[in-house]
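Below is one structure; the comments refer to it alone.
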Amino acid sequence: MTAMRKLRNICCGCESCVVHCPRHCIRMQMDVSGDRYPYVDGSLCIHCHQCERVCPVEGSAAERRPLQILAGKNREPEIRKQSSSGGVFSSFGEAIIRRHGVVFGVITSNDAIARYASAKNLAELSEMRGSKYYPVSPVPIFPEVQSALKTGKPVLFVGVPCHIAALRRFLKEIPNHLYLVDLICHGMPSSYIADLYFHQIRKVDLNKNHEKIFFRDKRKGWKNYALSIVSPNAADQYFGTIKKDPFLRGFAQGLFLREDCFSCPFKGFRSGSDITMGDFWGVRRTRAAFEDPLGVSILTVNTQKGGQLLQMEPASKLETIVLTEAELQSSNPNVWQPAPRPASRDEFTTEKITASNFSTVVEKTLHVPMLRFLKKQIKSAISNMLFYLHIFHCIQYLKGGKTR
Ligand SMILES: Cc1cc2nc3c(=O)[nH]c(=O)nc-3n(C[C@H](O)[C@H](O)[C@H](O)COP(=O)(O)OP(=O)(O)OC[C@H]3O[C@@H](n4cnc5c(N)ncnc54)[C@H](O)[C@@H]3O)c2cc1C
Ligand code: SF4
Ligand code: SF4
Ligand code: SF4
């Protein structure tokens with residue numbers, strides 16, 4: 001009889017331990033939360049601790065402050081349109097490709113909704129554009145990163161912070177020609193919900209229908225982005241904006257994020273990346289002249305090497321302005337803190353959610369905070385009214401006092 005035990009409670013699901021275990025006794029299994037975790041077969045384990053040595057969660061770096069904070073826009077409108085934010089990823093990618101280097105990032109292909117791949121030319125790079133809100137393991141691509149580094153040409157790896165940390169643990173030594181760029185990340189959707197939504201509810205079959213998925217379709221604007229599925233079969237086409245699509249709505253509100261994302265150990269630039277990039281959601285508040293309907297990025301330069309990467313792209317291609325730390329903090333609090341865990345996360349377990357009740361549960365869950373919000377607004381309006389009424393009475397009383 002095998003005794004399977006969960007390897008770690010805080011785990012980003014990168015699968016590094018699985019591939020590095022010399023006894024092959026670790027397996028990923030989904031638990032009731034809908035997240036996949038490594039489980040160890042205790043009868044085979046030889047307690048070599050290799051799984052701990054490669055685990056990014058065991059060795060997250062110290063908190064850092066960025067050297068520089070910028071807003072950025074790729075000057076090519078078509079690239080901004082195809083990108084999630086202002087298209088700064090494409091600027092960095094192009095700079096590396098022009099130097100005959102290799103870029104590693106996430107694509108949608110006909111064998112997976114999201115997986116890591118490499119790009120050596122601009123056509124391959126374009127496949128990486130856009131965020132894919134779908135869990136992906138970074139580990140299968142690591143050996144390819146290692147061989148690309150051996151050529152001595154520049155290599156750019158872009159991913160969420162836990163993937164950057166996993167790569168750093170895998171490589172042990174970080175050579176000067178490896179540039180690490182991570183994303184401001186509020187979390188990954190749980191594997192269960194992502195699969196349920198795309199495979200069972202939307203019935204995506206990439207292989208059969210040559211479907212393409214866009215998680216940040218900007219047809220209705222950068223801030224009103226949409227999930228779209230493009231297929232030659234008209235019946236399989238889909239378009240749902242962030243205000244309508246239940247997956248995007250629930251994901252943005254953190255209803256079904258991977259449990260560990262609520263206590264992410266990589267906040268505060270602790271992944272060890274050279275540059276971090278995200279959406280500059282607060283652009284209108286402080287830099288209205290820089291706003292763009294096709295999107296604006298925020299980026300932080302975290303190391304000297306990050307500064308060198310930024311310098312590789314000329315100002316004729318990438319437009320930037322310098323921001324303050326307060327602007328970063330108010331626009332993207334996820335840089336420093338994990339997303340708060342909503343109590344309703346417990347409603348999105350494998351036991352409670354099915355293809356038939358998913359949309360209803362999302363709507364019901366998001367409706368409750370809205371009711372609570374309205375109640376709060378009414379309460380505060382009443383207390384304001386009472387306050388002003390009290391002031392009015394005091395003035396009347398004082399006036400009355402004077403005339404007496
Ligand atoms: C899961 C996730 C959560 C995010 N959360 C936030 C957030 O809370 N706040 C914020 O400001 N920004 C967030 N971002 C980042 C933002 O969506 C943009 O990716 C970023 O601003 C870069 O945009 P861009 O226009 O420069 O380039 P884009 O062309 O949009 O670049 C996309 C880059 O992301 C990589 N990528 C795409 N999907 C994945 C994935 N599943 N795993 C790893 N890497 C991936 C691609 O390889 C590419 O390099 C998140 C991204 C992801 C993938
Ligand atoms: S301690 Fe060694 S043998 Fe045991 S699970 Fe970890 S890597 Fe595998
Ligand atoms: S974070 Fe990665 S290496 Fe660490 S336990 Fe989880 S799957 Fe394994
Ligand atoms: S929130 Fe943290 S643990 Fe979750 S996907 Fe992002 S970097 Fe990884």
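The values are calculated or read from the model by the stated rules, or taken from the named source; none is laboratory data. Quick caveat: nothing in here was measured; it's all calculated off a predicted structure. In this analysis, Cβ positions are derived from the backbone assuming ideal geometry, glycine residues included, and neighbour counts consider all displayed protein chains.
Annotations
- S297 vs. criteria among the small types (G, A, S) and either surrounded by 24 or more Cβ atoms within 10 Å (Cβ to Cβ) or more than 19 Å from S83 (Cα to Cα) (or both): yes
- Against the conditions (1) over 20 Å from R65 (Cβ atoms); (2) touching a Ser or Thr at 6+ places or on another chain (Cβ under 7 Å), G282 satisfies every one except (1).
- Test: residue in region 359-372 that is modelled with pLDDT under 70 and loosely packed, with under 10 Cβ neighbours inside 10 Å: yes
- Number of the condition not met by P143 [criteria: (1) more than 29 Å from P338 (Cα to Cα); (2) at pLDDT below 95]: (2)
- For region 133-171, the candidate set comprises residues that are away from ligand 1 (no atom under 12 Å from the Cβ) and among the small types (G, A, S); within that set, the residue that is farthest from V57 (Cα to Cα) is G152.
- Against the test of being in contact with a Ser or Thr (Cβ under 8 Å, 6 or more places away or on another chain) and within 16 Å of ligand 1 (Cβ to nearest atom), the options A61, A71, A3 yield a single qualifying residue, A71.
- Pick from region 59-90, criterion among the polar types (S, T, N, Q) and out of contact with any Phe, Trp or Tyr (no Cβ under 6 Å at 6 or more places or on another chain), ranking: surrounded by the fewest Cβ atoms within 10 Å (Cβ to Cβ): Q68
- Close pairs (9 angstrom Cβ cut-off, 6 or more residues apart or separate chains): assigned to a helix (DSSP H, G or I) in region 187-216, of a type in the set (D, E) and modelled with pLDDT of 95 or more anywhere: S191/D35; Y192/D35
- Hits in region 118-147 (condition: of a type in the set (A, V, I, L, M, F, W, C) and over 14 Å from the mean Cα position of the chain (by Cα)): A119, L122, A123, L125, M128, V139, I141, F142, V145
- When we screen I164, I174 for residues that are buried (at least 21 other Cβ atoms within 10 Å of the Cβ), modelled with pLDDT of 95 or more and outside any strand (DSSP E or B), the only hit is I164.
For (1) of a type in the set (S, T, N, Q); (2) within 16 Å of ligand 4 (Cβ to nearest atom), each residue gets a yes or a no:
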| site | (1), (2) |
| --- | --- |
| L7 | no, yes |
| V19 | no, no |
| M28 | no, yes |
| D35 | no, yes |
| C51 | no, no |
| E63 | no, yes |
| N74 | yes, no |
| K81 | no, no |
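- Selection from region 105-159 of residues that are assigned to a helix (DSSP H, G or I) and not aliphatic (A, V, I, L, M): E124, S126, P140, F142, P143, E144, Q146, S147, K150
- Residue in region 319-330 that is farther than 27 Å from G268 by Cα, assigned by TED's automatic domain parsing to the domain that holds V181, within 15 Å of ligand 1 (Cβ to nearest atom) and crowded, with 19+ Cβ neighbours inside 10 Å present: no
- Qualifying residues in region 53-76 (those that are among the small types (G, A, S) and in a strand (DSSP E or B)) - the one nearest to ligand 2 (Cβ to nearest atom): G72
- Any hit, region 230-238, residues being of a type in the set (S, T, N, Q), more than 15 Å from the chain's Cα centre (by Cα) and assigned to a strand (DSSP E or B): no
- Just so you know, in region 6-52 the residues that are among the charged types (D, E, K, R), under 20 Å from the mean Cα position of the chain (by Cα) and part of a loop (DSSP other than H, G, I, E, B) include one that is surrounded by the most Cβ atoms within 10 Å (Cβ to Cβ), and it is D35.
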